[in-house]
Amino acid sequence: MGGELYLLKVEELVELQKEMASKVVISSLKKEPKKIAGFDLSYPQKHTAVAVCVVMSYPELDLLEMKWVKAPVTIPYIPGLLSFREGPAMESVYALIEEEPDLLFFDGQGIAHPRGIGLASYMAIKLGKPAIGVAKSHLFGEYRMPEEKRGEFSYLYSDGKQIGAVLRTKDRVRPLFVSPGGFVDVRDCISYTLSTCRGYRLPEPTRIADMYTKKLRKEVS
């Protein structure tokens with residue numbers, strides 16, 4: 001019986017993803033952001049998450065604010081359904097910030113997802129904000145490997161549709177897989193990811209957020 005309930009919940013979440021995917025809006029960013037935010041999450045305990053949001057000025061990338069929450073995790077890790085596991089904690093930490101950002105960065109996928117609704121797309125819908133998914137590894141879509149120089153990229157495709165890009169943010173370093181979460185397009189993902197990478201593989205918003213989650217994970221565990 002437990003297994004049947006588990007499968008039922010998965011089926012319900014998949015259907016919810018399909019419904020949310022129909023609400024994703026892909027369009028070029030209307031104006032250059034003045035403030036950007038990055039999110040990250042870690043697990044100090046099995047059923048507890050620490051979520052961090054940092055807000056930075058753009059294009060200067062000065063840190064304006066950092067907030068964090070410790071939140072319960074109620075859904076196990078299920079491939080393709082990560083947004084339901086991590087999204088609630090990220091919504092909670094977003095509610096705490098005072099410096100309202102114009103563009104959000106997430107360590108995860110946007111529409112480059114089997115059902116078109118990765119973490120960045122989930123959050124774009126939930127928060128009604130432009131969002132970019134910046135993933136460290138490939139999940140979905142066909143591509144060719146870009147050249148090894150910073151700024152080189154190739155597009156990610158699904159059934160002939162452009163869903164993201166494979167972007168080299170540093171010479172001879174593994175590329176990132178960027179895709180729109182919502183209210184941005186692929187070109188925005190490439191442009192703003194590159195402009196926020198300052199000597200590191202990862203863009204500053206998620207890199208700094210990751211630094212805080214690592215520090216907090218040790219402190220709250």
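Read the figures in this text as sums done on the coordinates, not as results from a lab. From a predicted model like this one, the values you see are computed outputs, not experimental measurements. We place every Cβ from the backbone using ideal geometry, glycine too, and count neighbours over all the protein chains shown.
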- Message: At a 10 angstrom cut-off on C-beta neighbours, averaged per residue, how do the peptides 186-195, 94-103 rank from highest to lowest?
- Response: 186-195, 94-103
- Ranked packing of 34-47, 148-161, most packed first, by mean Cβ within 10 Å: 34-47, 148-161
- Message: List the lysines whose Cα sits under 20 Å from the Cα of residue 218, skipping any in the same chain fewer than 8 residues away.
- Response: 46, 67, 70
- For the chain, take the alpha-carbon Rg, divide it by the Kirkwood Rh, and send me Rg/Rh. 0.96
- Message: Which of the three applies to the stretch 109-151, rounded, prolate or oblate, going by the alpha-carbon gyration tensor with a ≥ b ≥ c and a/c under 1.5 meaning rounded?
- Response: oblate
